[in-house]
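Shown next, in structure tokens, is the structure this report addresses.
The values are calculated or read from the model by the stated rules, or taken from the named source; none is laboratory data. The structure displayed is predicted, hence computed values, not measured ones. Reconstructed Cβ throughout: ideal geometry from the backbone, glycine too, with neighbour counts over all protein chains shown. All accessible areas refer to the heavy atoms of the entire protein, side chains included, with ligands and DNA or RNA removed. Shrake-Rupley method; radii C 1.70, N 1.55, O 1.52, S 1.80 Å.
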Amino acid sequence: MKVVILAGGLGTRLSEETDLKPKPMVEIGGKPILWHIMKIYSHYGFNDFVICCGYKGYLIKKYFADYFLNQSDVTFDLSTNKMELLNLETEPWKVTLADTGLKTMTGGRIKRVQKYTGNETFMLTYGDGLSNVNISKLLEFHKQHGKLATLLAVQTAGRFGAIQLDENSHHVNSFREKPSGDGAYINGGFFVLEPKIFDYILGGDETTWERAPLEHIAQDNQLMAFTHKGFWRPMDTLRDKIELEAMWNSEKCDWKVW
């Protein structure tokens with residue numbers, strides 16, 4: 001089963017890093033976040049990837065073109081112009097890198113890689129989110145309900161301490177440091193999709209997947225949610241990047257399921 005990864009956006013909220021590289025190539029622990037995402041899927045046996053490139057996509061292509069070289073010791077014999085890779089370390093991955101346009105929106109990028117996913121069930125995720133969701137259980141849930149689309153539903157934690165305030169007396173009745181959100185679930189960005197979802201992407205490159213396509217799929221009662229109470233974290237800002245880096249360097253790296 002193929003895994004499509006959206007990796008073409010500008011990543012403007014992380015401009016400290018994305019001025020020089022595409023967002024999925026921003027590193028956590030010396031590895032691009034894209035690598036971490038692929039390792040999660042690979043742990044569950046999904047190793048066939050289609051990466052939707054856009055902004056600075058040539059850097060993603062170069063990363064995989066040089067993957068063997070960068071992961072292994074190497075001997076260069078300059079007298080014979082030969083190179084020998086030593087203690088070769090690699091992954092069981094097949095990676096298709098598709099140029100889906102510089103300004104193409106998410107729905108347009110998905111539509112552009114339809115020729116690579118074929119007439120089969122496939123997975124979809126964004127190139128900037130990490131989770132310890134059990135991908136096998138996500139797929140099992142999708143197969144059981146028989147609808148066209150499944151998304152991961154998560155609840156986010158608050159960024160600030162919350163207080164319960166008596167507005168008349170200004171007395172603080174309770175305080176909770178960074179409580180969970182308001183109870184609403186949001187799109188966690190890990191999807192399982194049937195090929196008929198392409199029929200809902202009608203507007204070409206300008207189509208945003210999270211707007212008309214998903215809205216109409218939901219209206220047709222073809223969208224199901226797999227709820228996840230465990231770790232989930234996007235990398236939207238430099239603060240997120242720094243916090244994920246700290247998690248990787250500590251013993252609390254929840255997304256490292258491999």
Cut-off 15 Å, label 7 Å out along Cα→Cβ of Met1, residues of the stretch 127-151 by amide N: 133-151
- prompt: Just by accessible area at a 1.4 angstrom probe, what is the order of His142, His216 from largest to smallest?
  reply: His216, His142
message: Using a Gaussian network model on the chain with a 10 Å cutoff between Cα atoms, which of Phe231, Phe76, Phe198 fluctuates the most?
response: Phe76
query: If exposed GluC sites (Glu not before Pro) are those in a DSSP loop with at most 12 other Cβ within 10 Å, what is the longest stretch of the chain that has none?
result: 1-88
- request: Select from Gln155, Gln144, Gln114 the residue whose mean-square fluctuation is largest in a Gaussian network model of the chain (Cα-Cα springs shorter than 10 Å).
  value: Gln144
message: Can you compute 3J(HN,Hα) from phi for each residue in the stretch 102-114, using the Karplus curve 6.51 cos²θ - 1.76 cosθ + 1.60 with θ = phi - 60°, rounded to whole Hz and x for Gly and Pro?
response: 6, 10, 5, 7, 4, x, x, 5, 4, 4, 5, 9, 4
- prompt: Taking only Cα atoms, what is the 0 to 90° angle, nearest 10, from helix 33-43's long axis to the longest principal axis of the chain?
  reply: 90 degrees
task: Answer rounded, prolate or oblate for the stretch 65-131, using the Cα gyration tensor with square roots of eigenvalues a ≥ b ≥ c: rounded when a/c is under 1.5, else prolate when a/b is larger than b/c, else oblate.
output: prolate
- line: In a Gaussian network model of the chain with springs linking alpha carbons closer than 10 Å, the residue among Leu151, Leu34, Leu20 that fluctuates most is Leu20
query: Given a Förster radius of 30 Å and the C-beta distance between Glu17 and Asp99 as r, what FRET efficiency does 1/(1 + (r/R0)^6) yield to the nearest 0.05?
result: 0.85
message: Could you work out what % of the accessible surface of the chain is carbon and sulfur, using a 1.4 angstrom probe and leaving DNA, RNA and ligands out of the count?
response: 50 percent
statement: The long-range amide H neighbours of Gly189, using H built 1.01 Å from N in the peptide plane and a cut-off of under 5 Å, are Leu152
statement: In the structure shown, of Lys21/Lys147; Lys62/Lys103; Lys21/Lys137; Lys62/Lys137; Lys196/Lys241, the pairs separated by more than 31 angstrom at the C-alpha atoms are Lys21/Lys147; Lys21/Lys137; Lys62/Lys137; Lys196/Lys241
Long-range amide H partners of Thr96 with built H, under 5 Å: Phe49, Val50, Ile51
statement: The extension gain from Leu10 to Lys252, computed as 0.36 nm times the residue separation minus the Cα-Cα distance, is 84.2 nm
query: Between Phe64 and Tyr116, what is the FRET efficiency for a Förster distance of 22 Å, r being their Cβ-Cβ separation, to the nearest 0.05?
result: 0.90
query: Whole-Hz Karplus ³J(HN,Hα) for the stretch 241-258, in order, using 6.51 cos²θ - 1.76 cosθ + 1.60 and θ = phi - 60°, x for Gly and Pro?
result: 4, 5, 5, 5, 4, 5, 5, 4, 7, 9, 8, 9, 10, 5, 7, 7, 8, 8
DSSP loop trypsin sites (Lys or Arg not before Pro) with at most 13 other Cβ within 10 Å excluded, longest remaining stretch of the chain: 1-102
query: Which order do Met235, Met83, Met224 take when ranked by solvent-accessible area (1.4 Å probe, heavy atoms of all protein chains), largest first?
result: Met83, Met224, Met235
query: So what's the angle, to the nearest 10 degrees on a 0 to 90 scale, between helix 135-145 and the longest Cα principal axis of the chain?
result: 60 degrees
field: DSSP-defined antiparallel bridges as percent of all bridges, the chain, nearest 5
entry: 55 percent
- request: Please work out whether the chain counts as rounded, prolate or oblate from its C-alpha gyration tensor, where a ≥ b ≥ c are the square roots of the eigenvalues and a/c under 1.5 means rounded, while otherwise a/b larger than b/c means prolate and anything else oblate?
  value: oblate
